[in-house]
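Here's the structure we're looking at; comments come further down.
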Amino acid sequence: MRLAVFRPTRKVDEIRLRRPFRPENGQATVITVQGLAVAMVVKSVRGRRRYVSFSVPPETSRDDVLAALSAVDPPVPDLKVITCKDGKAVVRCPPKARETVSDTLSRAIPGSRSLKASGTLRALRTADHDLKVPGRRRRRHLF
């Protein structure tokens, strides 16, 4: 979620951003939090998402999973393969298409099955340590 903080002295119609704010759909809602006007993308506009983890054969590549999911009928908007390595795959899809995506991938790739679904990628990675991404090393300041 992207947030931008505004000056609280101006009206909502006259607010100018301190830094660029470009929501994905071009729509945002301005809310007030503790006297500050904050713009944020509304999930009802962007659409909710589900992240589904799958166990797949180790030789399965990201392109194989994407090709299998392109056969979903009717086509599912906002379908994306987040990762596929070491016998695990993560797919992002709308909540209503979760069962369809799971069934399609299970039929297209033998030996694959759905493991867990979550609303956030972080929760999915916390539950399954094989999906964890190594953190970035923070630079230490000497002053």
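The values are calculated or read from the model by the stated rules, or taken from the named source; none is laboratory data. All values derive from a computational prediction rather than experimental measurement. All Cβ positions, even for glycine, are placed from backbone atoms using ideal geometry, and neighbour counts span all protein chains on display.
Structure notes:
- Residue within the range 7-24 that is at pLDDT 55 or above, loosely packed, with under 12 Cβ neighbours inside 10 Å and outside the structural domain of Ser114 (by TED's automatic domain parsing) present: yes
- Looking across the range 109-133, not a single residue is surrounded by fewer than 12 Cβ atoms within 10 Å (Cβ to Cβ) and touching a Leu at 6+ places or on another chain (Cβ under 7 Å).
- Restricting attention to the range 77-99, the residues that are more than 16 Å from the chain's Cα centre (by Cα), surrounded by fewer than 12 Cβ atoms within 10 Å (Cβ to Cβ) and not in a loop (DSSP other than H, G, I, E, B) add up to 0.
- Filter result for Ser106 (small (Gly, Ala, Ser) and within 21 Å of Lys132 (Cβ to Cβ)): no
- Options Ser106, Ser53, Ser44, Ser102: the member that is at pLDDT below 90 and either buried (at least 18 other Cβ atoms within 10 Å of the Cβ) or assigned to a helix (DSSP H, G or I) (or both): Ser44
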